[in-house]
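S.K.: There's a structure below that I have some questions on.
The values are calculated or read from the model by the stated rules, or taken from the named source; none is laboratory data. All figures in this text were calculated on a predicted structure; none of them were measured in a lab. Cβ sites come from the backbone with ideal geometry, for glycine too, and all protein chains shown count toward neighbours. Just so you know, the surface numbers come from the protein's heavy atoms only, side chains and all, with ligands and any DNA or RNA stripped out. Shrake-Rupley method; radii C 1.70, N 1.55, O 1.52, S 1.80 Å.
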Amino acid sequence: MSDITGDRVRLRAYRESDIPALREWVNDPQVTRFLEGLSLFPHTLHDTESFVRAQLAPRPLHPESLELVVADRHTDVYLGQVGLLAIDWPNRATALGIVFPRKNQGKGYGREALGLLKGLVFDDLGLHRLELEVHEDNAPALRCYQKCGFREEGRRRERRFSGGRFWDVVIMALLAPEYRASKISRGKE
């Protein structure tokens, strides 16, 4: 896949030189507290290197997932990462994952990266549904997803335990017709 370039960011493949930037956040509880799965456990340098090497391996024509670096458009420095998780080709749907180190949060990089990713999902890959789960106590992420056109579809009530209490997990999605209507209203088509 070739790079996808926006005004300030570029979506690109991983490089071994990205490892130090990943190490900045993989064990930062302020970043990983909203992540799931392997991100819940401390990562060794070997874990991070293994992840990046797996991303460098050749991919099949229709991969089950696609992980991309969000890099500075001009310097190509790692800013964060986005991923399409569990791509369901027969049903033309995929789940979204995104993470940025603390120093790069709140600067609009995520919103721009999501705009580029939506183009990849709907225009290039021809998928119909882009979905995600977000914790209800992650207000900045909820606002970002809403601004990017995602709609709340439901909640997994009290699915997550954090800070001594249970929180809902919000299920959100964006469909291809909604994406296209948004592009037309912005005069991008």
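S.K.: Report yes if some residue within the stretch 126-136 is closer than 24 Å to residue 30 by Cβ, aliphatic (A, V, I, L, M) and touching a Phe, Trp or Tyr at 6+ places or on another chain (Cβ under 9 Å); otherwise report no.
M.R.: Yes: one or more hits.
S.K.: Pairs please, first residue from the stretch 148-162 and under 7 Å from residue 174 (Cβ atoms), second anywhere and modelled with pLDDT under 95, Cβ atoms under 6 Å, 6+ apart in sequence or on different chains.
M.R.: 149/182
S.K.: With the condition kept exactly as written, say whether any residue in the stretch 27-35 is under 22 Å from residue 170 (Cα atoms), among the aromatic types (Phe, Trp, Tyr) and either out of contact with any helix residue (DSSP H, G or I) (no Cβ under 9 Å at 6 or more places or on another chain) or surrounded by fewer than 20 Cβ atoms within 10 Å (Cβ to Cβ) (or both). Even if it seems obvious, please write down each step before you answer.
M.R.: Pass one, the stretch 27-35, residues under 22 Å from residue 170 (Cα atoms): 29-35.
Narrowing the set further to residues that are among the aromatic types (Phe, Trp, Tyr) leaves 34.
Subset that is either out of contact with any helix residue (DSSP H, G or I) (no Cβ under 9 Å at 6 or more places or on another chain) or surrounded by fewer than 20 Cβ atoms within 10 Å (Cβ to Cβ) (or both): 34.
Within the stretch 27-35 (the criterion being under 22 Å from residue 170 (Cα atoms), among the aromatic types (Phe, Trp, Tyr) and either out of contact with any helix residue (DSSP H, G or I) (no Cβ under 9 Å at 6 or more places or on another chain) or surrounded by fewer than 20 Cβ atoms within 10 Å (Cβ to Cβ) (or both)), the answer is yes, since at least one residue qualifies.
S.K.: I need the full set of residues from the stretch 155-189 which are at pLDDT below 95 and open to solvent by less than 40 Å² (accessible area, probe 1.4 Å), in order please.
M.R.: 160, 162, 183 - these are the residues of the stretch 155-189 that are at pLDDT below 95 and open to solvent by less than 40 Å² (accessible area, probe 1.4 Å).
S.K.: Return the pairs, sorted by first residue and then second, in which the second residue is open to solvent by less than 50 Å² (accessible area, probe 1.4 Å) and in a loop (DSSP other than H, G, I, E, B), the first residue lies in the stretch 49-61 and is closer than 13 Å to residue 19 by Cβ and modelled with pLDDT of 90 or more, the beta carbons are less than 7 Å apart, and the residues are 6+ apart or on different chains.
M.R.: Going by the 7 Å Cβ cut-off, the qualifying pairs are 52/14; 55/14; 56/14.
S.K.: Taking residue 112 as the residue in question, decide whether it is under 28 Å from residue 166 (Cβ atoms), open to solvent by 30 Å² or more (accessible area, probe 1.4 Å) and either touching a strand residue (DSSP E or B) at 6+ places or on another chain (Cβ under 8 Å) or not aromatic (Phe, Trp, Tyr) (or both).
M.R.: Working: under 28 Å from residue 166 (Cβ atoms): no; open to solvent by 30 Å² or more (accessible area, probe 1.4 Å): yes; either touching a strand residue (DSSP E or B) at 6+ places or on another chain (Cβ under 8 Å) or not aromatic (Phe, Trp, Tyr) (or both): yes.
Taking the combined requirement at face value, the residue does not satisfy it.
S.K.: Right, next: Of all residues in the stretch 3-18, count the ones that are open to solvent by less than 20 Å² (accessible area, probe 1.4 Å) and either among the β-branched types (Val, Ile, Thr) or free of Cβ contacts under 8 Å to residues at least 24 places away in the same chain (or both).
M.R.: Going through the stretch 3-18 one residue at a time, the tally reaches 1.
S.K.: Could you go through the stretch 61-77 and let me know if any residue there is among the polar types (S, T, N, Q), out of contact with any Asp or Glu (no Cβ under 6 Å at 6 or more places or on another chain) and surrounded by 17 or more Cβ atoms within 10 Å (Cβ to Cβ).
M.R.: Looking only at the stretch 61-77, we keep the residues that are among the polar types (S, T, N, Q), and these are 65, 75.
Those still in the list that are out of contact with any Asp or Glu (no Cβ under 6 Å at 6 or more places or on another chain) too: 65, 75.
Checking the rest, the ones that are also surrounded by 17 or more Cβ atoms within 10 Å (Cβ to Cβ) come to none.
Looking for residues that are among the polar types (S, T, N, Q), out of contact with any Asp or Glu (no Cβ under 6 Å at 6 or more places or on another chain) and surrounded by 17 or more Cβ atoms within 10 Å (Cβ to Cβ), one finds none in the stretch 61-77, hence no.
S.K.: Please work out if residue 181 is of a type in the set (A, V, I, L, M, F, W, C) and within 20 Å of the chain's Cα centre (by Cα).
M.R.: no
S.K.: If we scan the stretch 111-125, do we find a residue that is over 20 Å from residue 59 (Cβ atoms) and in a strand (DSSP E or B)?
M.R.: no
S.K.: Which is more than 23 Å from residue 170 (Cα to Cα), more than 13 Å from the chain's Cα centre (by Cα) and in contact (Cβ under 8 Å) with a residue 12 or more places away in the chain, of 79, 68, 45?
M.R.: Only one candidate qualifies: 45.
S.K.: What pairs come up if the first residue lies in the stretch 118-137 and is closer than 23 Å to residue 3 by Cβ, the second is part of a loop (DSSP other than H, G, I, E, B) and at pLDDT 95 or above, and their beta carbons are under 6 Å apart, counting only those six or more places apart or on different chains?
M.R.: Taking only residues 6 or more apart or on different chains, the pairs are 121/127; 127/92.
S.K.: For residues that are open to solvent by 30 Å² or more (accessible area, probe 1.4 Å) and either closer than 13 Å to residue 170 by Cβ or aliphatic (A, V, I, L, M) (or both), tally how many sit in the stretch 117-139.
M.R.: Number of matching residues: 6.
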